[in-house]
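Trainee: There's a structure below that I have some questions on.
The values are calculated or read from the model by the stated rules, or taken from the named source; none is laboratory data. Please read all numbers here as calculations on a predicted model, not as lab measurements. Note: ideal-geometry Cβ built from the backbone for every residue, glycine included; neighbour counts use all protein chains shown. Ligands, DNA and RNA are excluded from the accessible area calculation, which covers all protein heavy atoms including side chains. Shrake-Rupley method; radii C 1.70, N 1.55, O 1.52, S 1.80 Å.
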Amino acid sequence: MKKLNKKLLIGTGVAFSLLFSPFSQAFAEEPTTGERKQVDNVAHRGAAGYAPENTIASFGLAVDMKADYIEIDVQRSKDGELVVIHDTTVDRTTDGKGKVGDLTLEQLRSLDAGSWKGEEFAGEPIPTFEEILDRYHGKVGILIELKAPELYPGIEEQVAEALSERNLDKPQNEKIILQSFNFDSMKKMDELLPHVPVGVLTSNRALTTKAALKEISTYAEWFNPSYGIVTEDVVNEVHSQGMQIGSWTVRSQEAADFLFDMKVDAIITDYPDYVDPRNE
Ligand code: G3P
Ligand code: CA
């Protein structure tokens, strides 16, 4: 029943916004050859093709480039603070070394997370999760990935609390979506925040069967596969199970064009400008 209500509320929100949108006429008519549906343009780790991933520089650029969402990776410091970084170590994207979970917030914040991408980004810090919520909610959608949540017991409750404190746990509230490769973590998030859409991430073709998608649809609103396993049949089956599909990671115009042709609902891209020109 809870699941039904969640789907209904989200669906009602979509229908309501379509009714009053300039696209309502287009949706009411039969699409003609060559027409493109609108897709959500999701800036992967920010505009990570142009600026250091998961930093304010990257998220700010994504907003300037008119992305619909920023995608962020959330982990936890040794002293329990939620931080935004992709790898489970700081080695690749900062001037430090070690596991994220072995370093305190102060140690993490002292690192340079920008220089590896270019000297003009020197000194960019690792953001905190709450800093990103406060800076961007209401300005741009936020696709929140719980990265390796199995390393951080209780991180689901912490994320839920940070969202609830900001009233971001309401239906259709300011475009917040949760996602993870860890499906159990997303089942938990669905129970903790029944009105916030959740998604599952995978590159596993075996999870694109009707039976697998049906099971996933009992708790998820989004099925988010790597684009290598996207086909028209997969997109249709995801839709027939009442879910939406967002695919990653676009790093070429060809990949963006392929996903437009597949009629996915969201394109997750390092280059928001590869999506925009065709997204009218
Ligand atoms: O949003 C999809 C994408 O972020 C999943 O892969 O490794 O970039 O976090 P990854
Ligand atoms: Ca991610």
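Trainee: For a test of the definition: using alpha carbon positions, the gyration tensor, and the 1.5 limit on a/c, classify region 60-189 as rounded, prolate or oblate.
Mentor: Verdict is oblate for region 60-189.
Trainee: Keeping every protein chain in place, order Leu103, Leu192 by accessible area at 1.4 Å, biggest value first, i.e. largest first.
Mentor: If we order Leu103, Leu192 from most to least accessible, we get Leu192, Leu103.
Trainee: Kirkwood hydrodynamic radius (Cα pairs, Å) of the chain?
Mentor: 19.2 Å is the Kirkwood radius here.
Trainee: Return a whole-number percent for the relative contact order of the chain, with Cα pairs under 8 Å and 6 or more residues apart as the contact set.
Mentor: Once divided by the residue count of the chain, the mean separation gives 19 percent.
Trainee: Between Lys170 and Glu150, what is the label-to-label distance in nm when each label sits 7 Å out along the Cα-to-Cβ direction?
Mentor: Using points 7 Å along Cα→Cβ, the separation is 3.7 nm.
Trainee: Using a/c under 1.5 as the rounded threshold, could you call region 77-139 rounded, prolate or oblate? The axes a ≥ b ≥ c are square roots of the C-alpha gyration tensor eigenvalues, and prolate needs a/b larger than b/c, oblate otherwise.
Mentor: Taking the square roots of the gyration eigenvalues as a ≥ b ≥ c, region 77-139 is oblate.
Trainee: Tell me the GluC sites (Glu not before Pro) within region 149-231 that lie in a loop according to DSSP and have at most 10 other beta-carbon atoms within 10 Å.
Mentor: Here no GluC sites (Glu not before Pro) fit, given the DSSP loop and packing criteria.
Trainee: Measure off, as a whole percent, the carbon and sulfur share of the 1.4 Å-probe accessible area of the chain, all protein chains present.
Mentor: Of the solvent-accessible surface of the chain, carbon and sulfur hold 53 percent.
Trainee: Using the Cβ atoms and a cut-off under 15 Å, what net charge is assigned to the surroundings of Glu119, where Lys and Arg are +1 and Asp and Glu are -1?
Mentor: Summing Lys and Arg as +1 and Asp and Glu as -1 gives -3.
Trainee: Take every DSSP beta bridge whose two residues both sit in the chain, then give the antiparallel share in percent to the nearest 5.
Mentor: Approximately 15 percent, going by the DSSP bridge assignments.
Trainee: I would also like to ask the following. Can you list the residues of region 144-179 with backbone N under 13 Å from a point 7 Å past the Cα of Asp134, pointing along Cα to Cβ?
Mentor: 166
Trainee: Would you mind classifying region 225-265 by shape? Square roots of the alpha carbon gyration tensor eigenvalues, ordered a ≥ b ≥ c; an a/c under 1.5 is rounded, otherwise it is prolate if a/b is larger than b/c and oblate if not.
Mentor: prolate
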